Each structure stands twice: as C-alpha cells, then as structure tokens.
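Undergrad: Structure in structure tokens, see below.
The values are calculated or read from the model by the stated rules, or taken from the named source; none is laboratory data. Bear in mind the structure is a predicted one, so any value in this text is a computation, not a measurement. Using ideal geometry, Cβ is built from the backbone for each residue, glycine included, and neighbour counts are taken over all protein chains shown. Note: accessible area is taken over every heavy atom of the protein model, side chains too, but ligands, DNA and RNA are not part of it. Shrake-Rupley method; radii C 1.70, N 1.55, O 1.52, S 1.80 Å.
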Amino acid sequence: MEPAKTARALARVPLPVTHAAYRVQQATLHYPLRALQGVLRRLARQGGEADTAHIAQAQARYVALLKQEIDNVEAGHYGAELLFQLPMADYARGLPRLLSEMPALFKRYRAGDWRSLPEGVELSRYPAYYRRTFHWQRDGYLSRRSAELYDLGVELVFTGSGDVMRRQVIPPIAQALAGPCRGPACKILDVACGTGRTLLQLARTFPEHDLYGLDLSPYYLQVAREVLAEAPNVSLVAENAEAMPFRDQHFDVVTSTFLFHELPRAARRAVLREMFRVLRPGGTVVIEDSVQRSDAPELAFFLGRFPEELHEPFYADYLQDDLQTVMREVGFEVEGEAPAFMAKVVTGRRPSAET
Ligand SMILES: C[S@@+](CC[C@H](N)C(=O)[O-])C[C@H]1O[C@@H](n2cnc3c(N)ncnc32)[C@H](O)[C@@H]1O
C-alpha cells in the first residue's frame, strides 16, 4: 500500500492495534531470519555459536529498540506508516536470489578472497580501502547486482531491524528542524546514503525540506534513484565523502548511517572533517553506526565475530576509536547518544560562535 494510504488507514485504527500489528510484523521477520542465519552459519562452517546468555543480552537490546520505535511514534517524531514500509514482496522475491549467492560467498569467506571485483570497473577511481568484497558480497559495492541484494542482506544480518535502526536518526533530526534553518526549506545531507533506505524515510517524514544523498558507489545510487522515485525533494551525487562537492556551511543537518565502521582511521577523520565543513554553524550532525566496545560490553561476543564473518577489515579498529572523541576532535559539540540494538546514534552540533 502507498504510504499516504497506509497513513490514512492507520489513522482509523486504535494505537494499541497498530502497535500489536507492528510487533507481529517484526516477529514474523525476526524469528525466521534468525533461524536462517543459524543455518547459513553452519553451512559456511562459521564457528563460535552464541550461547543463551549472549542471545538473551542481544535480545534485550532488540526488544528495547522496538519499544523505542513505538515511543517515537507516540511522541510524534514520525508517522506510524513508517513502521510498515518495508518492501516485503520485493524482499520475498529477492530471497532466492540472495540465497543463490551463498555458495560463492562461502567460498570467498573460506579462501579469504576479498579481491574479486568485477571486470570493467575503473578501480583507480576508488580509494584502496574501498576496493574489496565488503561482507564477502559479490562485487563489493561495485555492481548493480550487489546493490539490488544489499537491503535484503542487511535485514537478514539484523533479523528485520535494519530500517528500524536507521529510523532512530529521525528524532534528533526532527528536533533540529523544529528550530530555524538558513533558507525557506532546511537542507539535510545523508553521507554514504547507499541504496537510499534512510533517505526514503527522511523524505516521507520531512517532505517540505530539501534532502541530499552522497555515496561513492554509482551502482548503489542507481538503486537509490528507484527507491526514491516518488520523493521529488531528494538529490543524489556519486562522490567520495572525504572530499564532498558542496560549499562550506551549506547544510542545516548532516547525517550518516553505518559508514564509519567501514572506513580506516584516517578516512574516518577526513569524512568527519568534511561533515563539519559543509554544516552551518549551529547545525546538527547525527551519526548512527555500530556500538563500540565500551558502549556494550555485553555484546562483545557478537562484535568479535562480525568483522571476519562479514569481511569488515576496519571494524576492529572502529570498535576502539570512540566516535564521540573523534567528533570532538574535528570541532563538534556532542549533545547526546542513544542505543539502537546493535547500533547507537550520536548527536552533535557545530558550535554557533567559532573562535
Ligand atoms: C554499510 S553501507 C551503509 C549504506 C546506507 N547508509 C545504509 O544505511 O544502508 C556503507 C556505504 O558507504 C559507502 N561508502 C564507503 N566509503 C565511502 C566514501 N569514502 N565516500 C562515500 N561513500 C562511501 C558505500 O558505498 C556504502 O554504500
């Protein structure tokens, strides 16, 4: 159903019924995807099964995320229709295709082969750290096929909570947009927007503002253009976030979901410096990424096995490179941090008066 129709239908339904329907939807995703993950891990011969204590600790954070989601809707940060916007039919159609990738993916994993990238791509256009099969996925970020399977892959890894986690950037952005912006519409930039899932939800929540997405992969942006076809207020550009093609102080809000754990230390800083540069004084930065080691010692088991199983070579370093500290290093004032299951959302501000 179209989002506007879903919103009208939900307006006629009592809130507890909406919440119950949402919980049923998430359970319908969570338990089968968790079981499928278990099967795939055994087929891949990935060791280190989680024990019941580990699972219970992760589960508690998952339950807290769903509660947060309902609180966000009740607080009016976003509409209940966002809770029901996953393209389920597309994902159901995509699942056989994703599963057909698994034998080759397991082979890359076992051989440690992170170099097999598609022929015909001009690799010199991309930084060395990017030229790899992230997540062991075929072609890394460098093909249309990879882009088409990416969102479903994320939902498989996070048992149906990928978009739920992404939505957690909306409350601090809504709060920022309650204040004045530079122009008649506020300008919001999503750095490393990938296939546009975060932008889609921002576009539905803030149709009156101007949204921009930047990503290094032209293939992921092709899919983002389709995902965002109904959102006239979004512009996309294929560029490196370490050198963004935007004027100084151009944006009122800059955000990013799940980028920083994929960058080496120097690039992490370079991107944050760029985010600072393009944000206006007084503007808000909202970064979501994996929890780090000191945030969630109870998740240490899952954080430890993630980088090898999903080819994330910079993740171990990210875990100990405290995001808040790096944000302060480049000049941001950090205003808050909130957990979001396996992730966290850090909010900051570019100081209004700079010396
Ligand atoms: C894990 S994905 C996250 C994508 C999206 N934000 C999401 O929530 O799904 C990381 C994204 O970062 C992009 N990326 C990595 N390094 C980049 C860089 N230096 N500049 C711009 N984009 C980059 C990749 O192309 C990919 O789309």
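Undergrad: Grab the beta carbon distance between S124 and R269, set R0 = 35 Å, and tell me the FRET efficiency rounded to 0.05.
TA: Values: r = 23 Å, r/R0 = 0.67.
My answer for the efficiency is 0.90.
Undergrad: If you don't mind, there's one more thing I want to ask. I'd like to know which of A53, P3, G76 lies farthest towards the positive end of the charge dipole of the range 3-86, counting +1 on Cβ of Lys and Arg and -1 on Cβ of Asp and Glu.
TA: Of the listed residues, the answer is P3.
Undergrad: List, largest first, the extents of the alpha carbons of the chain along their principal axes, each in whole Å.
TA: Sorted from largest, the Cα extents of the chain read 54, 53, 40 Å.
Undergrad: In percent, how large is the relative contact order of the range 3-86, given Cα pairs closer than 8 Å and 6 or more residues apart? Could you put the intermediate results ahead of the total?
TA: Values: 20 pairs, mean separation 53.1, N = 84.
Once divided by the residue count of the range 3-86, the mean separation gives 63 percent.
Undergrad: Continuing with this model, one more query. What size of dipole, in debye to the nearest 20, comes out for the range 226-355 about its Cα centre when the only charges are +1 on Lys and Arg C-beta atoms and -1 on Asp and Glu C-beta atoms? Mind dumping the intermediate values first?
TA: Details: 13 positive and 23 negative charges, 88 e Å.
In debye, rounded to 20, the range 226-355 gives about 420.
Undergrad: Under a 5 Å amide H to amide H cut-off, with H placed in plane at 1.01 Å, what residues pair with C193 once short-range neighbours are removed?
TA: Result for C193 returns L214, D215.
Undergrad: State, in angstrom, two size descriptors of the range 3-86 derived from its alpha carbons: Rg to one decimal place and Dmax to the nearest whole number.
TA: Looking at the range 3-86, its Cα Rg and Dmax stand at 16.3, 49 Å.
Undergrad: Sticking with this structure for a sec: Please work out the C-alpha center-to-center distance from the range 281-355 to the range 8-33 and express it in whole Å.
TA: About 30 Å separates the Cα centre of the range 281-355 from the one of the range 8-33.
Undergrad: Something else about it: Given H placed 1.01 Å from N in the peptide plane, which residues other than close sequence neighbours of G282 have an amide H under 5 Å from its amide H?
TA: R350, S352
Undergrad: Quick test of the membrane-span-like rule: which DSSP H helices of the chain reach at least 30 Å along their long axis (C-alpha atoms) with mean Kyte hydropathy at least -1.0?
TA: 15-44, 52-74
Undergrad: Could you grab the relative contact order for the chain? Cα pairs under 8 Å, six or more apart, rounded to a whole percent.
TA: For the chain, the relative contact order is 16 percent.
Undergrad: Pop a pseudo-label 7 angstrom from the Cα along the beta-carbon direction at both I70 and V39 and give the gap in nm to one decimal.
TA: Here the answer is 3.1 nm between the modelled labels.
Undergrad: Further question on the same structure: Run the helix sum for the chain: -39,500 (n - 2.57) per DSSP H stretch of 4+ residues, divided by residue count, reported at 222 nm to the nearest 500 deg cm²/dmol.
TA: Values: 14 runs with 168 residues, N = 355.
Result for the chain: -14500 deg cm²/dmol, rounded to the nearest 500.
Undergrad: Quick one: longest stretch of the chain between exposed loop trypsin sites (Lys or Arg not before Pro), exposed meaning at most 14 other C-beta atoms within 10 Å and loop per DSSP? Intermediate results must be reported in sequence, preceding the final value.
TA: On the way: sites that count: R12, R45, R115, R182, R247.
Here the longest segment lacking exposed loop sites spans 248-355.
Undergrad: Please list the three semi-axes, largest first and in whole Å, of the ellipsoid equivalent to the range 214-260, using sqrt of 5 times the eigenvalues of its alpha carbon gyration tensor.
TA: 19, 14, 11
Undergrad: Taking H as built 1.01 Å from N, whose amide H comes closer than 5 Å to the amide H of G140, not counting residues under 5 places away?
TA: Long-range HN contacts for G140: F134.
Undergrad: On to the next question. As an exercise, use a Förster radius of 35 Å and the Cβ-Cβ distance of V24 and Q222 to find the FRET efficiency, rounded to the nearest 0.05.
TA: Details: r = 34 Å, r/R0 = 0.97.
Result of the calculation: an efficiency of 0.55.
Undergrad: May I ask you to list the GluC sites (Glu not before Pro) in the range 1-75 that are in a DSSP loop and have at most 15 other Cβ atoms within 10 Å of their Cβ?
TA: On the way: sites: E49, E69, E74; in loops: E49.
Answer in residue order: E49.
Undergrad: Taking all protein chains as present, what is the carbon and sulfur share of the accessible area of the range 3-86, in % to the nearest whole number, probe 1.4 Å?
TA: Using a 1.4 Å probe with all protein chains present, the range 3-86 comes out at 64 percent carbon and sulfur.
Undergrad: Simple spin-label model, 7 Å along Cα-to-Cβ: D90 to S294 in nm?
TA: So the two model labels end up 4.0 nm from each other.
Undergrad: Can you give the extra length, in nm with one decimal, that the chain gains between V17 and E230 once fully stretched, where that is 0.36 nm per residue apart less the Cα-Cα distance?
TA: Details: separation 213, 0.36 × 213 = 76.68 nm, distance 2.85 nm.
Extending this stretch completely gives an extra 73.8 nm.
Undergrad: Still on this structure: What GluC sites (Glu not before Pro) does the range 310-355 have in DSSP loop regions with at most 11 other beta carbons within 10 Å? Each step should come with its number before you reach the end.
TA: On the way: sites: E329, E333, E335, E337, E354; in loops: E354.
Here the sparse-neighbourhood loop sites are E354.
Undergrad: A follow-up question, please. Accessible area per residue for the chain in Å², computed with a 1.4 Å probe and the full protein assembly in place, what is it? Kindly include the intermediate steps, with their values, before the conclusion.
TA: Numbers: 15550 Å² over 355 residues.
Ligands and nucleic acids excluded, the result is 44 Å² per residue.
Undergrad: Take the Cβ-Cβ distance between T325 and A53 as r, set R0 to 35 Å, and report the resulting FRET efficiency rounded to the nearest 0.05.
TA: Values: r = 30 Å, r/R0 = 0.86.
Plugging the Cβ-Cβ distance into 1/(1 + (r/R0)^6) gives 0.70.
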